[in-house]
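Remarks on the structure that follows.
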Amino acid sequence: MVEERVCPECGSPRIVEDRESGEIICHNCGLVIDERTMDAHPEWRAFNSSQRDARARGGAPMKHSIANRGFTTTIRKGSMDAKGNPLSPQMKAEMYTLMKWHGRTSRISSTERNVSTALKELRRLCSFLGLPEPIIETASLYYRKTVEKKLIRGRLIESVVAAIVYMVCRLQGVPRTLDEIAEVSHSNKKEIGKTYRFLVRELGVNVPLTTPLDYVSRFASALGLSGEAQEEARKILKKVLNEGLASGRGPTGVAAAAVYIAGLMKGERRTQKEVADVVGVTEVTIRNRYRELKTKLGLDIPA
């Protein structure tokens with residue numbers, strides 16, 4: 001039954017599809033509403049998932065993180081066919097000719113070589129940062145846009161890749177600090193920040209500001225805190241944001257102090273050094289933010 005449509009003649013919603021004749025017919029009055037419709041269903045049947053996977057003829061999805069987006073052909077070298085039988089001399093000559101012409105037509109331009117090198121660096125960077133595949137795909141797409149707009153001239157590939165990863169992380173709500181990215185990148189923090197500001201301006205990307213709330217889950221998980229402690233840290237940070245206490249303060253330092261306080265309040269004490277090592281800030285920063293939050297929010301924190 002096709003329930004989305006109604007008969008234009010009698011207004012009946014009882015519309016049926018006859019796949020054999022390719023017609024859509026009103027079951028009430030018999031009007032042929034449409035004919036010669038295309039059947040998008042497969043002509044084969046499958047009774048389980050393994051049969052469905054084996055009989056499907058669609059290729060792999062397009063991926064921006066692969067240099068040729070996944071559209072490639074590989075001709076294997078060798079003297080055997082797919083069944084392990086030796087190839088005849090005539091077939092060997094034909095395969096040699098195919099491989100030669102395939103190699104000639106597969107030569108890539110300098111731009112494509114640049115993209116190929118950059119995508120390898122991008123995947124390496126994301127792997128060290130523990131970022132998921134959607135981040136890699138989005139960052140790859142932005143790098144291709146950067147190349148198309150010719151924004152990479154005069155800039156190191158490593159700096160552009162790191163800046164794009166930093167930007168996409170903020171866009172996707174899983175921010176990483178410049179210090180974290182610079183630590184695993186072959187470029188320094190100053191150059192990454194400069195390239196990031198340039199790309200945001202030229203690409204016209206509206207990057208949201210990061211808040212301490214964005215870091216709670218990651219910091220708390222790294223410290224092995226419970227879900228209750230994480231929720232307590234979020235409650236503290238919501239009060240901080242509502243009262244404007246985070247203004248002019250680094251979000252990571254404020255988040256670190258909130259996580260530290262939440263651990264104390266829930267009986268899951270972590271030392272300031274442990275928190276500082278995970279967050280990447282100094283113990284002095286955590287101590288100062290801790291005192292500010294305790295005083296201004298009037299928190300009752302057990303000793």
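A compact table of results
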quantity: Residue within region 254-270 that is part of a helix (DSSP H, G or I) and either touching a residue at least 60 places away in the same chain (Cβ under 8 Å) or polar (S, T, N, Q) (or both) present; calculated: no
quantity: Which numbered condition PHE198 fails, given (1) more than 21 Å from the chain's Cα centre (by Cα); (2) over 21 Å from VAL165 (Cα atoms); calculated: (2)
quantity: Selection count, region 159-196, where residues are more than 16 Å from LYS145 (Cα to Cα) and of a type in the set (Val, Ile, Thr); calculated: 5
quantity: Region 193-223, residues that are part of a loop (DSSP other than H, G, I, E, B) and either at pLDDT below 90 or within 24 Å of ALA246 (Cβ to Cβ) (or both); calculated: VAL205, ASN206, VAL207, PRO208, LEU209, THR210, THR211, LEU223
quantity: LEU237, sole failed condition from (1) surrounded by fewer than 18 Cβ atoms within 10 Å (Cβ to Cβ); (2) within 30 Å of the chain's Cα centre (by Cα); calculated: (1)
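Condition check ((1) farther than 30 Å from SER221 by Cβ; (2) free of Cβ contacts under 8 Å to residues at least 40 places away in the same chain; (3) not assigned by TED's automatic domain parsing to the domain that holds ALA182) across all residues:
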position	(1), (2), (3)
ASN114	yes, no, no
LYS120	no, yes, no
SER127	no, yes, no
GLY130	no, yes, no
ILE135	no, yes, no
LEU141	no, no, no
THR146	yes, no, no
LYS149	yes, no, no
ILE152	yes, yes, no
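The values are calculated or read from the model by the stated rules, or taken from the named source; none is laboratory data. Since the structure is predicted, the reported quantities are computational estimates derived from the model, not experimental observations. Backbone-built Cβ (ideal geometry, glycine too); neighbour counts: all protein chains shown.
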